[in-house]
Amino acid sequence: MNKITLNSILLLFLFSFISCSVEKITVHKINGSPSYENSKLSLKETNKVENGYSFSYELDDYQLGIQTPKEFEYKLANSAKGQHIHFIVNNGPYFAQYSNDFEKEIDDGSVVLAFLSRSYHESVKNSQAHVLTQIGDNQDVDLSSEFLFYSRPKGKYSGEDTKKLLLDFYLVNTKISSDGNKVRVTIVNDKTLETLNQFTIDEWAPYYIEGLPLGKINFKLELIDSNGDLIDTPFNPSNRTIILE
């Protein structure tokens, strides 16, 4: 066997080894969560306080602080404090609120979305499970617009929590379908800027993602129309960088 042939075989073996060792990134719909189809979130009042605003919400047919029962057996990152409210200001990273009365340091004119969340951070998606409002006197955002709000994944994941990541978002005043609006998801390696995966979602549902490499990963979510064009609406697109370690 000559040197060229031997080198070729070694290169082929190395390529095969690398290909087999790279996990494929896959996306799966989550089934087995309680529907909470009658649960309701209402905003009772909001008031200006010294460092921001106070919020008081009312909940019907939903309990904060308990662990959400589920029928699937795989593990998703879960809050030990139980069910909560996802509180999002101007489509930034959400605050997990375990009480229906709280204060936040936010600016006048901020757009606030609050919605019910299961203990493993999956949103409740019935039409009464959220409240969208603009705070203060500076009312310059049309709240009847179509909105896509980013929810998960978020922050840092370690160990077993890196295996399956919840992908979840919140739609307001819009629907997605096979022949209508959609959500385009782009996943990028933050270090190499390589696009790891891109796909479109046409069903508003929770999903989990498998096969992501460790390190910093960027997620971009875009609300697009039936032609694949970005919809001109506030907070679109959404970008987050998460860490897997």
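Please work out the FRET efficiency for the pair Asn227 and Asp107, using the Cβ-Cβ distance as r and a Förster radius of 30 Å; give the result to the nearest 0.05. With R0 = 30 Å, the Cβ-Cβ based efficiency is 0.25. Evaluated at 4 °C with a viscosity of 1.567 mPa s, what Stokes-Einstein diffusion coefficient in µm²/s does the chain have when Rh comes from the Kirkwood expression over alpha-carbon pairs? It diffuses with D of about 65 µm²/s by this estimate. Label zone of Thr241 (point 7 Å out along Cα→Cβ, amide N under 14 Å): in segment 189-220 this covers 189-194, 215-220. How about segment 177-210: which GluC sites (Glu not before Pro) there are in a DSSP loop, with at most 14 other Cβ atoms within 10 Å of their Cβ? Taking segment 177-210 and a limit of 14 other Cβ atoms within 10 Å, the loop GluC sites (Glu not before Pro) found are Glu194, Glu203.
Going through segment 116-169, which chymotrypsin sites (Phe, Trp or Tyr not before Pro) have at most 11 other Cβ atoms within 10 Å and a DSSP loop state? Those that pass, being in a loop and sparsely packed, number zero.
Note on Arg184 and Ser158: the extension gain reaches 6.7 nm, defined as 0.36 nm multiplied by sequence separation minus the Cα-Cα distance. The GluC sites (Glu not before Pro) found in segment 50-81 that occupy coil by DSSP, while having at most 15 further C-beta atoms within 10 Å, are Glu50, Glu71, Glu73.
Rounded if a/c is under 1.5, else prolate if a/b is larger than b/c, else oblate: which is segment 68-109, with a ≥ b ≥ c the root eigenvalues of its Cα gyration tensor? The shape class here is prolate. Label sites at Glu45 and Asn78, each approximated as a point 7 angstrom past Cα along Cα to Cβ, lie 3.8 nm apart. The residues neighbouring Leu59, those whose beta-carbon lies less than 14 Å from its own, together hold a net charge of -1 under the Lys/Arg +1, Asp/Glu -1 convention. For segment 206-222, backbone nitrogen atoms closer than 17 Å to the point 7 Å from Ile25 Cα along Cα-to-C-beta are found at 207-222.
For segment 190-214, backbone nitrogen atoms closer than 18 Å to the point 7 Å from Glu37 Cα along Cα-to-C-beta are found at 204-206.
In sequence order, segment 145-153 has phi-based couplings of 5, 7, 10, 10, 10, 7, 10, 10, x Hz under the Karplus curve 6.51 cos²θ - 1.76 cosθ + 1.60, θ = phi - 60°, and Gly or Pro positions carry x.
Highest mobility in the GNM of the chain, judged by mean-square fluctuation with C-alpha springs under 10 Å and restricted to Asp168, Asp137, Asp61, is found for Asp137.
Read the figures in this text as sums done on the coordinates, not as results from a lab. These figures come from a predicted structure and were not determined experimentally. For neighbour counting, all protein chains shown are included, and Cβ atoms are generated from backbone atoms with ideal geometry for every residue, glycine included.
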